[in-house]
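Shown next, in structure tokens, is the structure this report addresses.
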Amino acid sequence: MTLEVKGLSAGYGKVTILHGVDLVAEPGEITCVLGPNGAGKSTLMKTIAGHLPVTGGEMRWEGGSVASLGALETLRAGIGYVAQEQNTFAKMSVRDNLLASSLAFEGAGARVEETYRRFPILKERSHQLASTLSGGERQTLAIANALLAAPRLLILDEPTAGLAPIFVDQIIDWITELARGGMGVIWVVEQNPEKILKISRTTWMFDAGRNRETLPSRDLLEPGRLEAMLLAEH
Ligand SMILES: Nc1ncnc2c1ncn2[C@@H]1O[C@H](COP(=O)(O)OP(=O)(O)OP(=O)(O)O)[C@@H](O)[C@H]1O
């Protein structure tokens, strides 16, 4: 259940954004991705999730190549993805979102009820359109949608950006529990870095389309270290 990326290149059309990215994500661990705006963090997440084609290098998951898989095949292979934006079916109700996310996966229908048990707020909002949810409710729904496919690796692109602390803490608790159960997590972090670094083992410092440094997350919790790292990138 390890993801291994070697010399990965990808981008948009003829524009290359990722230039030879190397990284490893381990099962049961939360890995943070930090870096300045435009560093290519979202592009990397989209590429791992099969939403953008790999143009060079290799990407192996659970021992096999996933470099040429599209988005649905990647999801079926056990890699879930919560995009930064437009991550729910906006014109559908909460319940229909959860049902639609279950459709392609055998036995996933029963998990809708489990999702409601875990997040009563989604049950309360069951008939409300996703587009009318608050930011925290929408992110909760987006993560729930991704988890209905029972991923063994979950990619989160800034899931707590702009959320009230109560939702941030709920999402952190939820993801921590899932990681303890063996799920790997790759978490792009912009806001609340300290909270997320605390529950993560490894951090990738991303810059200019490359994984500039891989370091233990606890090192970044030393006073001033995170600020120095981020400043050094500009
Ligand atoms: N759809 C697109 N078409 C062309 N270029 C794009 C597209 N999306 C992003 N880019 C470019 O790719 C580069 C990396 O963007 P990306 O969103 O991956 O960075 P990021 O590290 O996630 O930034 P942020 O922290 O602001 O979300 C930027 O120069 C951006 O302008």
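Can you go through 40, 28 and tell me which one is in contact (Cβ under 8 Å) with a residue 40 or more places away in the chain, of a type outside the set (Ser, Thr, Tyr) and in contact with a strand residue (DSSP E or B) (Cβ under 6 Å, 6 or more places away or on another chain)?
Numbers: 28 fails: in contact with a strand residue (DSSP E or B) (Cβ under 6 Å, 6 or more places away or on another chain).
Checking each option against the conditions leaves just 40.
Given the structure, is residue 209 over 23 Å from residue 47 (Cβ atoms) and not acidic (Asp, Glu)? Before the answer, list the steps.
On the way: over 23 Å from residue 47 (Cβ atoms): no; not acidic (Asp, Glu): yes.
Judged against the criteria, residue 209 is not a match.
What strands (runs of 3 or more DSSP E), lying completely within segment 14-121, carry at least 1 residues that are more than 17 Å from the chain's Cα centre (by Cα)?
15-25, 54-61
Count, please, the residues in segment 31-76 that happen to be within 16 Å of the ligand (Cβ to nearest atom), surrounded by 14 or more Cβ atoms within 10 Å (Cβ to Cβ), over 18 Å from residue 147 (Cα atoms) and among the small types (Gly, Ala, Ser).
Residues meeting the conditions: 4.
Considering only strands (runs of 3 or more DSSP E) fully contained in segment 151-234, which possess at least 1 residues that are touching an Asp or Glu at 6+ places or on another chain (Cβ under 9 Å) and over 18 Å from residue 84 (Cα atoms)? Give the steps one after another, and end with the answer.
Details: elements: 153-157, 184-188, 202-207, 210-216.
Because the criterion is at least 1 residues that are touching an Asp or Glu at 6+ places or on another chain (Cβ under 9 Å) and over 18 Å from residue 84 (Cα atoms), the strands (runs of 3 or more DSSP E) in segment 151-234 that meet it are 184-188, 202-207, 210-216.
Given the structure, is residue 196 at pLDDT below 95, in contact with a Lys or Arg (Cβ under 8 Å, 6 or more places away or on another chain), under 25 Å from residue 151 (Cα atoms) and crowded, with 16+ Cβ neighbours inside 10 Å?
Working: at pLDDT below 95: yes; in contact with a Lys or Arg (Cβ under 8 Å, 6 or more places away or on another chain): no; under 25 Å from residue 151 (Cα atoms): yes; crowded, with 16+ Cβ neighbours inside 10 Å: yes.
When the stated conditions are applied, residue 196 does not pass them.
Output the number of residues of segment 1-16 satisfying the condition of being buried (at least 20 other Cβ atoms within 10 Å of the Cβ) and within 16 Å of the ligand (Cβ to nearest atom). If you could, list the steps in order and put the result at the bottom.
So in segment 1-16, the residues buried (at least 20 other Cβ atoms within 10 Å of the Cβ) come out as 3, 5, 8, 10.
Filter once more, keeping what is within 16 Å of the ligand (Cβ to nearest atom): 5, 8, 10.
The number of residues fulfilling the criteria is 3.
What number of residues in segment 154-194 are over 21 Å from residue 2 (Cβ atoms), of a type in the set (Gly, Ala, Ser) and under 15 Å from the mean Cα position of the chain (by Cα)?
The number of residues fulfilling the criteria is 1.
The values are calculated or read from the model by the stated rules, or taken from the named source; none is laboratory data. Source: prediction; values computed, not measured. Cβ sites come from the backbone with ideal geometry, for glycine too, and all protein chains shown count toward neighbours.
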